1. Sorting Trp214, Trp307 on the 10 Å Cβ count, fewest up front, what's the list?
2. Each residue of segment 153-166 in order: what ³J(HN,Hα) in whole Hz does its phi give by Karplus 6.51 cos²θ - 1.76 cosθ + 1.60, θ = phi - 60°, with x for Gly and Pro?
3. Taking R0 as 22 Å, what's the FRET efficiency between Asp112 and Glu42 from their Cβ-Cβ distance, rounded to 0.05?
4. Residue by residue through segment 141-147, which ³J(HN,Hα) values in whole Hz follow from phi under the Karplus form 6.51 cos²θ - 1.76 cosθ + 1.60 (θ = phi - 60°), with glycine and proline marked x?
5. Taking other Cβ within 10 Å of each residue's Cβ, how do Asp161, Asp380 sort, fewest first?
6. Put a dot 7 Å past each Cα toward the Cβ at Ala362 and Arg60; how far apart are the dots in nm?
7. What is the Cα radius of gyration of segment 9-119 over 2.2 N^0.38 Å, N being its residue count?
8. What is the spin-label model distance, in nm, from Arg379 to Arg53 if the labels are put 7 Å beyond Cα along the C-beta direction?
Amino acid sequence: MTVAPAHFVKKRQARSYGMKVIRAFRNLDRHGQQRAPEVIEEEVRQLEPHLVRFREDLVRLEVVASQTSGKTRIQVSLRLQLPSGVIAAQEEGFVIEPVLRKAFADLRQRVDRHVARLKHESEYKRPARRRRIGAPLPSARNAAEADRRELFFDLIEDHLDTVYDTVRRELTYLECSGSVPAGYLSVGDIVDATILNGLNRFERRPTEFSVRDWLTQLVFETVEAEAQAARRAVPEDAASIYEAPEAPGGEPTESDEEMFEFYQPDDVLLLEEIVADEGGDDPEAAVAKRQEALAFHRAIAGLPAFWRRALFLVDLNETPLETVSSVLGIPQDDVTRIVQSARDYIRDKLRDSGQSSDTAHALFESAHQRRLRIPQPLRDRARLERAFLGDNGGEAP
């Protein structure tokens, strides 16, 4: 058997046990290439009973197993596409079989929680998705209220990209770490909730730091509240996944399709989207740098949320310590201690993944200089403008 060259990516699409399975092996050694397909087949068979409630032609599993060229560490990523959302799992280690089995075990647990929520739909499904900001803002009652909204929008308009970027980054890290169910929270919904919180507290906003920092503080508060609610969403008495379905599977009913539409995420939040593209003419070097950057951001996702926010403000956003202290509501000495602990944690995680201390330092510098900022979509921006300014805001593109 010929060993694949370092840059070779092996892909195969097959119908296995009813679901569509796509496998990709990158730089695996001879043992990994031989053993991985067998383990995947075994694990897919174990996964199948957890998916009996879904039509098999609507289920797609992607398995990526990669090994850094010249090194022994292995990383496995699983991505399960369901009609009701996307579930992902990831694991790292040095031997292909236990790494694959741990990743699949984690995936099965996540599927169980997801199905438990679906089976208890009536207990936690909202009558309708959180209404967009254009709906809960009725016409201004009088000229004073209209002037107030216009003043507030003028205050925040230049910072809408910051709100959107911060919300998307926070939700991406929370989903990557498994702190909230994938796809349960919507970026647009959290942006709307943040801005409505700001409108309600407009006259009571702090004056010791900027509007941008105030909005960032509101994002952190809103995301934390919604994340806590999401973690409480699965009832403790949820039915077992091993119970037989009430009826044999068939074509989706109208209510099924409505439920699938409800649970389908507005956005699939991928860690890759918040990693800046280093560019360059050497494809292999670019891929290696991107893998290093992904390892860096996975380490950030593993931080406690409070640590991650402090690190982001101090190291990546260059926010003064005094302001960070006010935004997070803790003393400056605590900010310094938390940020240093976060740096040490990330460096340890990078060393565990085979990166040198010099690489860790370079990743910090690169993240500081080239952090990718995701702007708010123009349609959302136009919707917000109409909600606050009425017909004068123009039409959505």
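Only the coordinates and a few stated rules stand behind these numbers; no lab work does. Since we're looking at a predicted model, the values are computed, not measured. FYI the Cβ positions are ideal-geometry reconstructions off the backbone, even for glycines, and counts take in every protein chain you see.
1. Trp307, Trp214
2. Per-residue couplings from phi come out as 5, 4, 5, 9, 4, 6, 10, 5, 4, 4, 4, 4, 4, 5 Hz.
3. 0.70
4. 6, 7, 5, 5, 5, 5, 5
5. The most exposed by this proxy come first: Asp161, Asp380.
6. Those two pseudo-labels are separated by 3.5 nm.
7. Computed over Cα atoms of segment 9-119, the ratio equals 1.04.
8. My value for the distance between the label points is 2.9 nm.
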